[in-house]
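The values are calculated or read from the model by the stated rules, or taken from the named source; none is laboratory data. Predicted model, so just to flag it, every value in this text is computed and none were measured. Cβ: placed from backbone, ideal geometry, glycine included. Neighbour counts: every protein chain shown.
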Amino acid sequence: MKNTQKHLFQLATVLACAFMSCAHAQTSAEQQKAMTPQDVLDDLMSGNERFVKNQLKSTSADIVKSRKVTALGQYPKAVILSCLDSRVPVELVFDQEIGDVFVGRVAGNIENEDQLGSMEFATKLAGSKLVMVLGHSNCGAVKGACDGAKLENLTALLGKIQPAVDAVKDVEGERNSSNKKFVARVVEENARQTVKDIRKKSKTLATLEKEGKIKIVGAVYDLETGKVQLLD
């Protein structure tokens, strides 16, 4: 009887450890504080690898639990500026739970005063360690800028992407949305320029980065493969 109980206890311990290792809990205050900016970036990229391989840790049970726990507070580890595009579900792309990341969305993932203020809140006040600008392949806003499209308020938004269009020089073929290589290069350049603009326009974010408290990075998401590629 004693041996049976011992074996049952050992089995329960193994199962509990396995469950704990597989469970994907949302970021806690202690975890947020302990993580370095590089830790956060590594965590997001590992999550993207799971997304690409269709091996997400998140389950419906995790979502229900996260929803209840985060109602009491939030400790996101990153703030991600993404395009408005419906095909870029940011939390899923990085396999993150409710409460793990702040997400700002605007067509063409361009920065403005509101987005910058949101990033300052996320990092300086709420403790996030990473700022990521996430562009994506086949971006409609970038295509519109490449074609010089105009439509009421959209015209001004596309004008903010125009510097990236102008900066891409060494691509053969037409300089419009019919040239896939040109569009792809503008998508990358636009993300890079947004990163530069963030550093230039926000002393708060630039200082936090210089002090090593945050990282500011650019990346591009591939709509077909689901892969996120970090930019230099």
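All but one of (1) charged (D, E, K, R); (2) without any contact (Cβ under 8 Å) to a residue 24 or more places away in the chain; (3) under 22 Å from D197 (Cα atoms) hold for E120; state the number of the condition that does not hold.
Unmet condition: (2).
Checking G108 against (1) in a helix (DSSP H, G or I); (2) surrounded by 17 or more Cβ atoms within 10 Å (Cβ to Cβ); (3) over 13 Å from the mean Cα position of the chain (by Cα); (4) not polar (S, T, N, Q), which single condition isn't satisfied?
Just one mismatch for G108, condition (1).
What number of residues in the stretch 74-98 are buried (at least 23 other Cβ atoms within 10 Å of the Cβ) and over 13 Å from the mean Cα position of the chain (by Cα)?
Of the residues in that region, 0 qualify.
Could you grab me the full set of residues in the stretch 123-143 that are free of Cβ contacts under 8 Å to residues at least 60 places away in the same chain and closer than 17 Å to L205 by Cα?
Listed by number, the residues that qualify are L125, A126.
Looking only at the stretch 49-69, decide whether some residue is touching a strand residue (DSSP E or B) at 6+ places or on another chain (Cβ under 6 Å), at pLDDT 85 or above and crowded, with 18+ Cβ neighbours inside 10 Å.
The initial filter retains those residues of the stretch 49-69 that are touching a strand residue (DSSP E or B) at 6+ places or on another chain (Cβ under 6 Å), namely none.
No: zero hits.
Every residue in the stretch 133-156 that is assigned to a helix (DSSP H, G or I) and either among the aromatic types (F, W, Y) or surrounded by fewer than 18 Cβ atoms within 10 Å (Cβ to Cβ) (or both), please.
So in the stretch 133-156, the residues assigned to a helix (DSSP H, G or I) come out as 140-147, 152-156.
Those that are assigned to a helix (DSSP H, G or I) and either among the aromatic types (F, W, Y) or surrounded by fewer than 18 Cβ atoms within 10 Å (Cβ to Cβ) (or both): G140, D147, E152, N153, L154, T155, A156.
State all residues of the stretch 86-105 that are part of a loop (DSSP other than H, G, I, E, B) and touching a residue at least 60 places away in the same chain (Cβ under 8 Å); if no residue qualifies, say none.
Once the filter is applied, which keeps residues that are part of a loop (DSSP other than H, G, I, E, B) and touching a residue at least 60 places away in the same chain (Cβ under 8 Å), the stretch 86-105 yields R87, V88, F94, D95, E97, I98, G99, D100.
In the stretch 194-232, what residues are touching a Pro at 6+ places or on another chain (Cβ under 6 Å) and assigned to a loop (DSSP other than H, G, I, E, B)? Please lay out each step first, then the result.
Of the stretch 194-232, the ones touching a Pro at 6+ places or on another chain (Cβ under 6 Å) are 214-215.
Selection gives I214 alone.
One residue is enough: does the stretch 216-232 have a residue meeting the conditions of a type in the set (F, W, Y), touching a residue at least 24 places away in the same chain (Cβ under 8 Å) and under 30 Å from N54 (Cα atoms)?
Among the residues of the stretch 216-232, at least one is of a type in the set (F, W, Y), touching a residue at least 24 places away in the same chain (Cβ under 8 Å) and under 30 Å from N54 (Cα atoms), which makes the answer yes.
From the list S177, S128, which one is in contact with a Cys (Cβ under 6 Å, 6 or more places away or on another chain), of a type in the set (G, A, S) and in a loop (DSSP other than H, G, I, E, B)?
Step by step, each of S177, S128 is checked, and only S177 is in contact with a Cys (Cβ under 6 Å, 6 or more places away or on another chain), of a type in the set (G, A, S) and in a loop (DSSP other than H, G, I, E, B).
Being in contact (Cβ under 8 Å) with a residue 12 or more places away in the chain, surrounded by fewer than 16 Cβ atoms within 10 Å (Cβ to Cβ) and not in a helix (DSSP H, G or I) is the filter here, so list the residues in the stretch 157-174 that pass it.
Matches in the stretch 157-174: V171 only.
Inspect all residues belonging to the stretch 27-45 and state whether any of them is closer than 28 Å to K215 by Cβ, modelled with pLDDT under 95, of a type in the set (A, V, I, L, M) and not in a helix (DSSP H, G or I).
Checking the stretch 27-45: not a single residue is closer than 28 Å to K215 by Cβ, modelled with pLDDT under 95, of a type in the set (A, V, I, L, M) and not in a helix (DSSP H, G or I).
Kindly list the number of the only condition in (1) among the charged types (D, E, K, R); (2) farther than 22 Å from V88 by Cβ; (3) touching a Leu at 6+ places or on another chain (Cβ under 6 Å) that fails for R50.
Here R50 clears every test but (2).
Taking the stretch 85-139 as the region of interest, how many residues are in contact with a strand residue (DSSP E or B) (Cβ under 8 Å, 6 or more places away or on another chain), of a type in the set (S, T, N, Q) and closer than 16 Å to L44 by Cα?
Final tally of qualifying residues: 1.
Out of D100, D114, D166, report the one residue that is under 18 Å from A191 (Cβ atoms) and either modelled with pLDDT under 95 or among the acidic types (D, E) (or both). Walk me through how you get there before you give the answer.
Details: D100 fails: under 18 Å from A191 (Cβ atoms); D114 fails: under 18 Å from A191 (Cβ atoms).
None of the others qualify; the one that does is D166.
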